[in-house]
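The values are calculated or read from the model by the stated rules, or taken from the named source; none is laboratory data. Fair warning: this is a prediction, and the values are worked out from it, not measured in the lab. Glycine also receives a Cβ, built like all others from the backbone with ideal geometry; neighbour counts cover every protein chain displayed. To get the accessible areas, we keep the full protein, side chains included, count just its heavy atoms, and leave off ligands, DNA and RNA. Shrake-Rupley method; radii C 1.70, N 1.55, O 1.52, S 1.80 Å.
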Amino acid sequence: MPSPEMLKLAEERAARYRAAIELKEPDRVPFTGMGGDVVAAYAGISSYEYCFDPEKSLQAIIKYLKDFPSDRPIGGMSGIGNAITQLAFLDYPDLTGLFAMVDGPTNDILGVDYIRFPGREVDEYSSPQFIGAEYMKADEYDELIADPVKFLFEKIVPRTTRNLRDLGSPAALATMARFGMHKARSGAFMQKQAAELLKLGYKSEPASFFLAPLDFISDNLRDTVNLVKDLRRYPDKVKAAAEALLEPMLKLALLGKNIGADMAFIPLHLNEYLSPKLYNEFYWPTLKEGILRMLQEGMKSQVFFEGWHDAHMESVLELPAGWGVGYFEKTDVRKAKKILKGHTCIMGGIDVGMVIASTPAKLDEYIKELLGEMMPGGGFILSPNIGNLPRETPIENIAAVYEAVEKYGKY
Amino acid sequence: MREQLLKSFVDMDEQEAVRIARELVDTDGGAVAVLDTCKEAMEEVGRLFEAGEYFLSELIAAGDMFNQIMEFTLPKLQGDEVTSIGTMVLGTVQGDVHNIGKDIFKVMAEASGINVIDIGIDVPHEKFVEAIKEHKPELVGMCCLITLGVDSMKRTIEVIREAGLRDDIKIIIGGGRVSQAVMEHVGADAWADDAARGVRLSKELLGKE
Ligand code: B12
């Protein structure tokens, strides 16, 4: 059982986070912490062990979080999202959630071609990987548009998933049965993990997931470069496909309400690629609609504006104030604050390249300056611009960042 | 016709650009004209990109047009009509499979007259060494988009040094994870996280500009 102090700590941490999202000044700047491959390295285990041995991975997380506490920590990477299969099983809400994350053992069972695991398809010390490919041909847009869920189930799941190639075969049925057995085991372990983390003062915070429909097509079906070319070659079809995917994607995200999620994570990929003209015509309308519809249903969004988002900043202002969190990667959070202050909670700020390559003294100075500019007025969550510190990250640099946050993070 | 080609290329009118190039290439001295015009167009596209008027969507389209046109133009050129200002071995480092940025940079570097030997993605350290021994380039370009790749670049450069090849080459790094700090950390000579700047710096490293 967690002690009353730890329960109180968990509440404080959650409240800090909430205050920032509500654009207020909390007692301290909320800090996500910095996780990634370094969590496994810090415990002396390989990424393979981290992905395939839940007990070892839990011990690694506990060790890391004891030494590096934060408000809502990101652990190491132990799985890869699998939106294709989730959407394919959209009409079976008790199952869709199970497909959300493919962990190591799950991938042994399903055999997803676009996922690679350490100690399996890549070496023991790499992180798990998503490898896109062209799984849908340009002449299949019509089929996708006509019935996305059916198309994904009948065409794309067999193409992408080795052990479900022949959907009606005994092999496929056996795969599904094994999948169910594994999920029952891992579900029980997740509960144990949540209980252990609560003992350290961390509440588990269920989150939902939404993809901009065009990103789903680009990452999972057509491949990025093809999609960018499709925009010029088959503009109407691409637009219709994005529209057709909006409802299924929304339905998927809103299923998260059943597990108590009140925030949807939305990582953006094509934003950096598109000129404002293409962005506003093809990408933003279905993304915006998704964010607004979720908001109506009580679910805010945390949008990860990957790459450079500078050219599209003004469009964020089309959302109502307090819509959620804008998490920035390359776009300078200071610049984001100038444009979005009082409207959007800003997240990010710590350049991971610096944490890898700089020195403790420089990092102290860097965090001090950053917080000095970003904290006033509230509505800011401090986090690394990328959620994965590599194994070789110098521990003294990590410690320097946490110490600096402790020193300079009080309101 | 050259002006029309230049204009339709820079304006991203793919069909028109390819059509004019096809026509021009069969005229007297046409192949050289097409090559030069397309290089000029790519340079202009790069400038517009650096100025924030063009985006990756345009760089991809331009690269695609350039490749399409070169496919029927290069075979019509005499050997001495294709001059190169230097050779670069280019690859995405071990552990990283992102290729789009590297491919964009490659076309733009080629269009600027650099002979690029593309050794692919997820390239093991030793493969860089082998390629340097085989092609004797003046430049080595490394692309890295994931944090894991930073250490990979560092080790690759160490392995190149151990092989006694470091002093023969200049190393430029590119991709989303590079910065001045990362450049110093891994021991490269230059860095660029946009292709136009990368081409400019590569030319400087070659002493051309
Ligand atoms: C598209 C994309 C993908 C596609 C890749 C498609 C492909 N074939 O390349 C897919 C979906 C497959 C993918 C997979 C993954 N991705 Co990815 N991806 C992206 C994304 C959205 C864009 C990358 C990109 O293409 N940018 C555009 C190009 C043109 O930019 P660029 O490479 O910097 O190139 C420019 C310049 O740098 C320069 N340049 C490029 N190369 C060179 C070389 C030289 C020598 C020079 C001088 C210049 C130069 O020219 C280019 C034009 O200006 C980024 C986020 C982002 N927006 O940056 C994430 C991102 C790079 N991916 C990320 C991750 C984590 C992954 C995965 C590991 C995910 C996973 N967990 O499985 C896997 C990769 C597995 C692996 N081992 O590599 C992270 C990296 C985080 C980290 N750890 O550091 C990012 C930053 C997303 C994020 N914010 O979390 N990804």
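The 1.4 Å probe gives accessible areas that order B:203, B:133, largest first, as B:133, B:203.
Near the amide H of residue B:170, within less than 5 Å, lie the amide hydrogens of B:139, B:140, all on another chain or at least 5 residues away, with H placed in the peptide plane.
The residues of region A:373-393 occluded by other protein chains by 50 Å² or more of accessible area, set against the chain on its own, are A:392; surface from heavy atoms, 1.4 Å probe. For chain A, what class follows from the C-alpha gyration tensor (a ≥ b ≥ c being the square roots of its eigenvalues): rounded when a/c is under 1.5, otherwise prolate if a/b is larger than b/c, else oblate? Judged from the Cα gyration tensor, chain A comes out oblate (a/c at least 1.5, b/c at or above a/b). Modelled spin-label separation between residue A:339 and residue A:24, with each label point placed 7 Å from Cα along the Cα-to-Cβ direction: 2.8 nm. Taking B:101, B:63, B:176 as the candidate residues, the one with maximal mean-square fluctuation in a Gaussian network model of chain B, Cα springs under 10 Å, is B:176. One chain, two ends: residue A:133 and residue A:11. Fully extended at 0.36 nm per residue, the span grows by 39.6 nm beyond their Cα-Cα distance. For the pair residue A:296 and residue A:407 in one chain, pulling the backbone fully straight at 0.36 nm per residue adds 36.0 nm over the alpha carbon distance. In the elastic network of chain A, a GNM with C-alpha springs shorter than 10 Å, the most mobile of A:129, A:302, A:86 is A:129. Across peptide B:136-149, the mean count of Cβ atoms from other chains lying within 10 Å of each residue's own Cβ comes to 3.
Of the accessible area of region B:86-205, with the probe set at 1.4 angstrom, what percent is carbon plus sulfur?
Working: 2040 of 4360 Å².
The computed percentage sits at 47.
Multiply the residue separation of residue A:368 and residue A:91 by 0.36 nm, subtract the distance between their alpha-carbon atoms, and state the gained length in nm to one decimal. If you can, show how the numbers build up before the last one.
Details: separation 277, 0.36 × 277 = 99.72 nm, distance 4.97 nm.
Stretched fully, the residue A:368-residue A:91 segment lengthens by 94.8 nm.
Remark: mean inter-chain Cβ contacts per residue of B:54-62 equal 6, using a 10 Å Cβ-Cβ cutoff to other protein chain atoms. Taking all protein chains together and rolling a 1.4 Å probe, residue A:142 ends up with roughly 90 Å² accessible. Distance between the pseudo-spin-label points of residue B:162 and residue A:280 (7 Å out from Cα toward the beta carbon): 5.4 nm.
With the other protein chains left in place, how much accessible area per residue, in square angstrom, belongs to region A:261-411 at a 1.4 angstrom probe?
Numbers: 5410 Å² over 151 residues.
It amounts to 36 Å² per residue over region A:261-411.
Which of rounded, prolate or oblate describes region B:54-174 when judged by the alpha-carbon gyration tensor and an a/c cut-off of 1.5? Oblate, since a/c reaches 1.5 and b/c is not below a/b. In the context of the full protein assembly, residue A:23 retains an accessible surface of approximately 40 Å², using a probe radius of 1.4 Å and ignoring ligands and nucleic acids. For the pair residue A:203 and residue B:136, label points projected 7 Å from Cα toward Cβ lie 6.9 nm apart. In the protein assembly as shown, what percentage of the DSSP-assigned beta bridges are antiparallel, given to the nearest 5? Bridges in the protein assembly as shown are about 15 percent antiparallel.
Heavy atoms only, probe 1.4 angstrom, no DNA, RNA or ligands counted: give me B:23, B:3 ranked by accessible area, highest first. Write out the running numbers ahead of the final one.
Numbers: B:23 100, B:3 145 Å².
Heavy-atom accessible area, descending, gives B:3, B:23.
Each Cα pair under 8 Å and six or more residues apart adds its sequence gap; the mean of these over the residue count of region B:18-84 is a relative contact order of 40 percent. Among the listed pairs A:237/A:277; A:229/A:277; A:229/B:136, those with a Cα-Cα distance over 25 Å are A:229/B:136. Using C-alpha pairs under 8 Å with a sequence gap of at least 6, the mean separation divided by the residue count of chain B gives a relative contact order of 18 percent.
As a quick test, which of the pairs A:8/A:203; A:300/A:338; A:63/A:362; A:24/A:300; A:362/A:407; A:155/A:239 have an alpha carbon distance above 19 angstrom in this structure? Display every interim value, and only then the final one.
Details: A:8/A:203 10 Å; A:300/A:338 22 Å; A:63/A:362 26 Å; A:24/A:300 16 Å; A:362/A:407 15 Å; A:155/A:239 21 Å.
A:300/A:338; A:63/A:362; A:155/A:239, as the Cα separations exceed 19 Å there.
Taken per residue, the accessible surface of chain B reaches 43 Å², heavy atoms only and a 1.4 Å probe. Using 1/(1 + (r/R0)^6) with R0 = 30 angstrom and r between the beta carbons of residue B:180 and residue A:123, what's the FRET efficiency to the nearest 0.05? That pair, residue B:180 with residue A:123, gives E of 0.50. The string of couplings for region B:164-179 from the Karplus curve (6.51, -1.76, 1.60, θ = phi - 60°) is x, 10, 4, 6, 7, 10, 10, 10, 10, 10, x, x, x, 9, 9, 7 Hz, one whole number per residue in order, with x for Gly and Pro. Ordered from highest to lowest accessible area with the whole protein assembly present and a 1.4 Å probe, B:200, B:166, B:47, A:116 read as B:47, B:200, A:116, B:166.
What accessible area, summed over both chains, is buried at the A-B interface (1.4 Å probe, Å², nearest 100)?
Looking at A and B, the buried total is near 2200 Å².
The mean count of C-beta atoms from other chains within 10 Å of the C-beta of residues in B:174-181, rounded to a whole number, is 4.
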